[in-house]
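Every read-out reported here was derived from the displayed coordinates using simple, explicitly stated rules and does not represent laboratory data. Given the structure is predicted, the values throughout are model-derived calculations rather than measurements. So basically every Cβ, Gly included, is an ideal-geometry build from the backbone, and we count neighbours across all protein chains shown.
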Amino acid sequence: MRRVIGLQKFVHLHVHTEYSLLDGANRIKDLVKRTKELGMDSIAITDHGVMYGVVDFYKEAVNNGIKPILGCEIYTAKRSRFDKQGGWDADPGHMVLLAKNNTGYKNLMKIVSIGFTEGFYYKPRVDMEVLERYSEGLIATSACLSGDIPKAILNNNYEKAKELALRLNSIFGQDNFYLELQINGIEEQNIVNQQMIKLSRETGIPLVATNDAHYLRREDARAHEILLCIQTGKSINDEDRMMFSTDDFYVKSPEEMISLFGNIPEAISNTVRIADMCNVEMEFNKLHLPKFDVPDRKEPYEYLKSLCYQGFERIYGKEDRDEEKINRLEYELSVIKQMGYVDYFLIVGDFIRYAKEKGIMVGPEGVLLREAL
Ligand SMILES: [Zn+2]
Ligand SMILES: [Zn+2]
């Protein structure tokens, strides 16, 4: 029997776009358009291991009156992120992270970067230590069948699943960690869902319904299958290729989702609750230049000026006070100040100085700066 839930809303919080390279078939423009068509007011982006699509997605969503929720489906290393041994450390777990605020967004970028710079082994991976360090401002969910908790459940290790869930719940904090339920026609998923519900009852960790959308409409499943063949270097006729066993991974309407999860309404209402908690604002009209660490807490412009005058004396000698040269120097400095580039020049000057000290060649474009600083 289908339960009537009235005007309850649903938000997709686990969505792959074309930036899940050769795995996601949702083009950002079409995804936002479809979200609107289906009467939803928010949607998340959670590409595999990367955040390449986040800015395009944010702009497209905001321009269309849709609230963008910024996230990523990261990879978790089986042991530490530094362990990269054949046979042991391939096949990492999945976990969805969503940014609640700008701190969370910065932490998410940090986590994704560490995945590449320190944890890369087939995929960009992080471990518990990284999650512990950068958990502030983030919501995490247990992801698909490739998540560590579903994997433990499918290995008949409920205790390990529970232990992991409790650990993640304490890392992210109550109501910032959710057990993900999906209904996609896969046999193992039904087993996982049952155990997730049990886990939620036993631990108080809330549930959330997602659809792990990889393409827009049901009929796009075939195109997505071909995309996966390209990724894995297989032909569509290969029997043993990696494939999704159902055509359910599309952007379902709120009505479809609500009807599927009729007997677990909190999994639906929690999507709206999470969406309300996620409020990242991006600024595009402001320069975000780094600050230079000025020695002795001097004012940056005064410091730049003093360096330039030292350079001036070095080039022209202490005696030279030629008015034309001084005026020129003052003019250049005033433009740098007016444009807000003082710290930028100090940073460039600093690495050029470092390069010269270490005998590293410095490009010709920086001649004046190079001589002056
Ligand atoms: Zn996944
Ligand atoms: Zn996914």
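Numbers for the structure displayed
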read-out: 0 to 90° range, to nearest 10: angle between helix 300-316 axis and the chain longest Cα axis; value: 40 degrees
read-out: Global geometry of the range 256-373, whether rounded, prolate or oblate, following the gyration tensor of its Cα atoms and the 1.5 cut on a/c; value: prolate
read-out: Restraint check, Lys106/Lys356; Lys59/Lys106; Lys298/Lys337; Lys106/Lys234; Lys123/Lys291, Cα-Cα greater than 26 Å; value: Lys106/Lys356; Lys106/Lys234; Lys123/Lys291
read-out: Cα long-axis angle, helix 342-357 against the chain (0 to 90 degrees, to the nearest 10); value: 80 degrees
read-out: Pairwise Cα inverse-distance average, inverted: Kirkwood Rh of the range 1-128 (Å); value: 15.7 Å
read-out: DSSP bridge pairs, the range 28-277: antiparallel proportion in percent, nearest 5; value: 40 percent
read-out: Cα-based reach from Lys160 at 21 Å (exclusive), listing lysines while leaving out same-chain residues under 8 positions away; value: Lys78, Lys151, Lys198
read-out: The range 96-170: relative contact order in percent, alpha carbon pairs under 8 Å with at least 6 residues between; value: 30 percent
read-out: The chain pair-distance distribution - Cα-Cα, 10 Å bins, rounded %; value: 5, 20, 26, 18, 11, 10, 6, 2, 0, 0
read-out: Listed peptides 346-358, 188-200 by packing density, highest first (mean Cβ within 10 Å); value: 188-200, 346-358
read-out: Sequence of Cys72, Cys229 once ranked by neighbouring C-beta atoms within 10 Å, starting from the fewest; value: Cys229, Cys72
read-out: Neighbour-count ranking [beta-carbon atoms within 10 angstrom, fewest first] of Phe177, Phe172, Phe292; value: Phe292, Phe172, Phe177
read-out: Rounded to 10°, Cα long-axis angle of helix 28-37 versus longest principal axis of the chain; value: 50 degrees
read-out: Cα gyration tensor, the range 72-209 - rounded (a/c under 1.5), prolate or oblate; value: oblate
read-out: The range 101-158 versus the range 216-295: alpha-carbon centroid distance in Å; value: 16 Å
